[in-house]
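One structure is given here, and the rest of the page talks about it.
The values are calculated or read from the model by the stated rules, or taken from the named source; none is laboratory data. Model, not experiment: these values are computed from the prediction. Note that we place each Cβ from the backbone using ideal geometry, even for glycine, and neighbour counts take in every protein chain shown.
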Amino acid sequence: MHASISGTVSEIGTRSHPFGHSSLCVVITSDGKDKWTKPTVTEGLQQTILEKGVVETYSLHRLDLDRGADTVILNGTDHRPYVFVDKAIMLEERESVIVGLKLLMETVDAKKGIIGINASDINLIEAMRHEVMGRDIEIVGLKKEYTRGMGRLLSRDLSSQLGTGLKRAIISRVLTARAVYQAVELGRPFVDSYLSVYGASETAAVKARIGTSFQEVIGALGGYKGTPRRIVMNSPMTGVAQHTDEVPVIRATYALMVQYDVPIEDPGPCIRCAQCVDVCPVNLLPNMLALYSRKGKFAECRRYHVKACIECGYCSFACPSKIPLMQLIRHAKESLGVG
Ligand code: SF4
Ligand code: SF4
């Protein structure tokens with residue numbers, strides 16, 4: 001655990017958490033000093049990265065830093081609608097992403113680095129190619145977007161696109177590479193989040209310290225454009241709707257979306273249309289998983305391979321009864337400790 005600002009502890013109390021529960025929080029009054037301690041040479045890269053609290057940004061999983069990978073891939077495809085944080089980082093902090101990738105390669109002993117970018121972002125691809133010239137990093141335009149569970153598909157598509165097999169690749173994100181750069185080069189722990197904000201008066205990507213309230217982030221962008229109907233943390237398909245904007249940015253926050261004119265519908269009963277089954281990219285039965293999760297029958301969820309869910313959100317999006325399938329499945333995964 002790292003304090004995201006330096007100062008004095010003024011309170012320890014319960015606050016709302018963006019995942020819907022309450023959580024014990026430490027309130028710090030800033031002294032504005034914010035000094036970081038650079039790691040010593042005796043600390044290895046792996047130890048520094050872990051001690052500075054760097055986790056995989058979209059999942060909060062511990063970084064895969066096993067040695068023996070031949071390639072490190074950064075997924076920079078902003079895999080969700082209304083999310084543009086990967087692009088913003090590569091436009092504004094290109095060097096920190098590249099150095100972060102090099103450090104990840106060094107940590108796992110990989111000889112090659114790849115950054116995948118949406119193929120339609122021609123200018124960004126050109127700019128990044130210019131930046132990596134003469135380094136063992138390749139910039140590849142990707143025609144699809146890959147969520148965090150689609151690592152194998154990403155590796156396979158890259159292998160066929162590059163015409164070379166990737167024996168063992170580690171997949172991370174540009175946000176994570178930036179955090180690695182800050183940890184190793186600046187000694188700065190993972191204390192801020194880079195997030196895209198859509199639906200405030202100004203649409204922009206911003207940096208916010210962990211613990212900053214959503215209200216403050218939106219206020220810094222000119223506030224609301226009207227009376228908000230819904231505030232969603234992260235993407236509209238897989239994100240979490242908030243009951244208040246007085247919740248803090250956490251390490252898992254990569255986007256905020258404010259919606260004004262959406263109808264808020266209560267979920268209806270399952271009509272057994274199987275649309276959720278048809279769209280599931282990993283051939284699960286989302287309807288059954290959600291049913292068992294709602295009843296707390298998590299062992300049944302395990303039997304129906306809940307762990308294989310990649311949390312793409314397609315099932316929730318397709319469901320005509322507006323059943324929050326993915327959220328129920330996520331709940332089952334968390335209850336089973338496989339989230
Ligand atoms: S979120 Fe739904 S559609 Fe996506 S993998 Fe999980 S069960 Fe399948
Ligand atoms: S899409 Fe919705 S209504 Fe249709 S089977 Fe799946 S859960 Fe039931």
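Tell me, which residue of region 315-339 that is aliphatic (A, V, I, L, M) and surrounded by fewer than 16 Cβ atoms within 10 Å (Cβ to Cβ) is farthest from ligand 1 (Cβ to nearest atom)?
The qualifying residue farthest from ligand 1 (Cβ to nearest atom) is L336.
Regarding R156, is this residue in a loop (DSSP other than H, G, I, E, B) and of a type in the set (K, R)?
no
Given C273, C312, which one is at negative phi, near ligand 1 (Cβ under 9 Å from one of its atoms) and part of a loop (DSSP other than H, G, I, E, B)?
It is C312.
Just to verify a result, which residue in region 301-339, among those that are more than 12 Å from ligand 2 (Cβ to nearest atom) and of a type in the set (D, E, K, R), is farthest from V240 (Cα to Cα)?
R303
Kindly evaluate C280 against the criterion of being under 26 Å from H79 (Cα atoms) and either outside the structural domain of D78 (by TED's automatic domain parsing) or more than 12 Å from ligand 2 (Cβ to nearest atom) (or both).
Yes, satisfied.
Looking at region 294-305, can you tell me whether even one residue there is in the same structural domain as R330 (by TED's automatic domain parsing), touching an Asp or Glu at 6+ places or on another chain (Cβ under 9 Å) and either more than 8 Å from ligand 1 (Cβ to nearest atom) or not in a helix (DSSP H, G or I) (or both)?
No: zero hits.
Of the residues Y181, Y194, Y146, only one is in a helix (DSSP H, G or I), surrounded by 19 or more Cβ atoms within 10 Å (Cβ to Cβ) and of a type in the set (F, W, Y); which?
Y181 is the lone residue from the list that is in a helix (DSSP H, G or I), surrounded by 19 or more Cβ atoms within 10 Å (Cβ to Cβ) and of a type in the set (F, W, Y).
Filtering region 72-91 down to residues that are hydrophobic (A, V, I, L, M, F, W, C) and in a helix (DSSP H, G or I), which residue is nearest to the chain's Cα centre (by Cα)?
Checked region 72-91; the qualifying residue nearest to the chain's Cα centre (by Cα) is V85.
Return the pairs, sorted by first residue and then second, in which the second residue is more than 9 Å from ligand 1 (Cβ to nearest atom) and among the aliphatic types (A, V, I, L, M), the first residue lies in region 267-288 and is farther than 14 Å from Y314 by Cβ, the beta carbons are less than 9 Å apart, and the residues are 6+ apart or on different chains.
Between residues of region 267-288 that are farther than 14 Å from Y314 by Cβ and residues that are more than 9 Å from ligand 1 (Cβ to nearest atom) and among the aliphatic types (A, V, I, L, M), the close pairs are P267/I323; G268/I323; P269/I323; C270/L291; C270/I323.
How do the pairs read when you match residues in region 297-315 that are touching a residue at least 60 places away in the same chain (Cβ under 8 Å) and hydrophobic (A, V, I, L, M, F, W, C) with residues anywhere that are more than 16 Å from ligand 2 (Cβ to nearest atom) and in a helix (DSSP H, G or I), using Cβ under 8 Å and keeping only pairs 6 or more apart or on different chains?
Cβ pairs passing all conditions: C309/K333.
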